[in-house]
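These notes are about the structure you will find just below.
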Amino acid sequence: MISTHTPLRPPTEAKKIFLHVCCAPCSGAIVECLLTNGLQPTIFYHNPNIFPREEYERRKAESIRHAASLQIPFIDGDGDHDVWLAHIRGLENEPERGRRCIVCFRTRLTETARQAHVRGFSLFATTLAASRWKSLQQISDAGQYAATLYPGLVFWANNWRSGGLSERRRELIKEYQFYNQTYCGCEFSIHPTKNE
């Protein structure tokens with residue numbers, strides 16, 4: 001079975017979903033799956049953690065290219081890396097999946113929730129959960145926290161690695177020839193031997 005045809009069970013009846021996207025490789029199979037299931041994603045790119053600026057622009061350009069190819073709305077949520085650094089100050093030496101990641105996820109998903117609320121969405125999710133290097137629990141907790149800040153807003157904490165989506169992710173990276181980064185994004189996560 002093609003993974004993107006796997007029936008989804010959204011937590012609400014909403015057809016429109018505000019989707020925080022970390023990068024095109026992680027979002028490809030998720031977006032395809034949402035569309036196949038009759039959902040209408042709007043891409044929100046807010047990743048002030050990404051360093052250096054050239055890396056940030058490269059990842060954003062790939063996400064824009066992907067959204068344009070599918071004629072999906074793309075919202076540029078440019079963030080300030082220095083502000084992000086202030087949020088994680090004192091956690092620079094934390095390991096991956098440590099406290100720095102918790103603060104990072106909460107910061108990015110809180111802004112996602114705010115933007116979703118302002119724009120009239122009732123459902124939001126993130127592609128952060130597609131990466132095997134990330135803690136699903138940390139992402140879920142951050143999203144659930146962000147949703148509590150806005151009445152009527154629901155965070156969809158789905159496991160975007162299951163049901164064949166990881167395999168489809170790899171196929172789409174080849175099909176689209178996506179730039180596939182080798183680290184999460186911030187300067188503290190750079191590990192040249194890792195591949196998301």
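The values are calculated or read from the model by the stated rules, or taken from the named source; none is laboratory data. Just so we're clear, the structure is a prediction, and the values are computed from it rather than from any experiment. Here the Cβ is made from the backbone with ideal geometry for all residues, glycine too, and neighbour counts use every protein chain on show. Accessible surface areas use protein heavy atoms only, side chains included; no ligands, DNA or RNA. Shrake-Rupley method; radii C 1.70, N 1.55, O 1.52, S 1.80 Å.
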Look at LEU123 and say whether it is among the aliphatic types (A, V, I, L, M), out of contact with any Ser or Thr (no Cβ under 6 Å at 6 or more places or on another chain) and modelled with pLDDT of 95 or more. no
Can you name every one of the helices (runs of 4 or more DSSP H) wholly within segment 80-196 that holds 1 or more residues which are touching a Cys at 6+ places or on another chain (Cβ under 9 Å) and open to solvent by 60 Å² or more (accessible area, probe 1.4 Å)? 81-87
